[in-house]
1. Need one number: nm distance between label points at residue 281 and residue 317, each 7 Å from Cα along Cα→Cβ, rounded to one decimal.
2. Where a ≥ b ≥ c are the square roots of the eigenvalues of the C-alpha gyration tensor, would you call the range 237-304 rounded, which needs a/c under 1.5, or, failing that, prolate if a/b is larger than b/c, or oblate?
3. Starting from the Cα gyration tensor of the range 41-193, take the square roots of the eigenvalues, sort them a ≥ b ≥ c, and report rounded, prolate or oblate (rounded when a/c is under 1.5, otherwise prolate if a/b is larger than b/c, else oblate).
4. Taking the Cβ-Cβ separation of residue 308 and residue 170 as r and a Förster radius of 56 Å, what is the calculated FRET efficiency to the nearest 0.05?
5. With labels modelled as points extended 7 Å from the Cα through the Cβ direction, what inter-label distance (nm, one decimal) is found for residue 208 paired with residue 136?
6. Going by how many other Cβ atoms sit within 10 Å of their own, how do 237, 58 line up, fewest first?
7. Quick one: if the Förster radius is 25 Å, what FRET efficiency do residue 298 and residue 95 give, using the C-beta to C-beta distance and rounding to 0.05?
8. Between residue 87 and residue 423, what length in nm is gained on full extension when 0.36 nm per residue of separation is reduced by their alpha carbon distance?
């Protein structure tokens, strides 16, 4: 009897345990199912759409160089016999920089002078000979007209006359040739001394006194020195091919030179290269840049050629324009985002009244730019037309008013997660505010 009652007690306990487990499982399933139907609430930050002054910038890197600099190379070869300057010396235009041993070139001038004098002397002989032959020819011609000279005599004197005329003309050419040879020899002699082509500073000196240099007549020639005007400096930077079309001559630039920390120098764009500077041709790493020159309008006396720099070129400025944070602008396909509707409600196109008319039917089925605005506790998508931008803000040409609050973060929510009608909770500076509040 006692055993039977014990078995009944154990069976009753098992029923109770399994019953409780079943209730818990049913409750968990209910919680999961009810939770899955609950709409996700996105935590976001907002910012007012405001009117600002926006300056579009093009960033570039490069080096500092003098606007005017000349690399000195000799046109003749020889030994340096005079070198009165050192690297870093200030020089004036026309000042002697270097002298090459001139003896061999002096000898060439003397030979050319002697050749010219000989040619001129021979010319005088030819002129005297022509006068005698011409006189004989005229005398025989007179006698022939009177019948006192034969045809053979006339022909002989005529041939001699014409020959003398030809010899005289040839000798005149020889004199001209000798004169030009003398000029060439004198010019070669003059090239043994090199003078400064501008007022400036010897920024680089590559030779020493007594060293032999090669002329540039038949080769590249020896790079003797560089003379530069350090009072006018420019930044030579490389601009990406996509940005160079925005740059124009006369654009203002702000230049930071690495050696001067955060100090900024003002500059003006003076030249834009027409030829591309390509690296990594034919590879995935191919880069196409264009060289842009920016002259510094207030150079520092301590700026040196070759210093590295960063430049921000101000390509366009617009004042009092509507703007939003750059991260607020995303790209979406119009018509794919539908407003959330309850049971039995009709689905209409998104934000028909807030879209610019030109955005209704995107050309070529391409994504267009859009922003999300906070409307109560929901995010509303608005398609916009954008203009220029700076580092922080982007101009809005159409699609928004300055009374809107645009969602400015987080970036992942704006770019991927948010849809038209998504529930949002606006995060305030001190934490989280109420739904729809800033």
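1. Between residue 281 and residue 317, the label points sit 4.1 nm apart.
2. Cα axes put the range 237-304 in the prolate bin.
3. In terms of gyration-tensor shape, oblate.
4. Efficiency at R0 = 56 Å is approximately 0.30.
5. Here the answer is 7.1 nm between the modelled labels.
6. Going from sparsest to densest Cβ surroundings: 58, 237.
7. With R0 = 25 Å, the Cβ-Cβ based efficiency is 0.35.
8. Once the chain is fully extended between residue 87 and residue 423, it gains 113.8 nm.
Only the coordinates and a few stated rules stand behind these numbers; no lab work does. Bear in mind the structure is a predicted one, so any value in this text is a computation, not a measurement. FYI the Cβ positions are ideal-geometry reconstructions off the backbone, even for glycines, and counts take in every protein chain you see.
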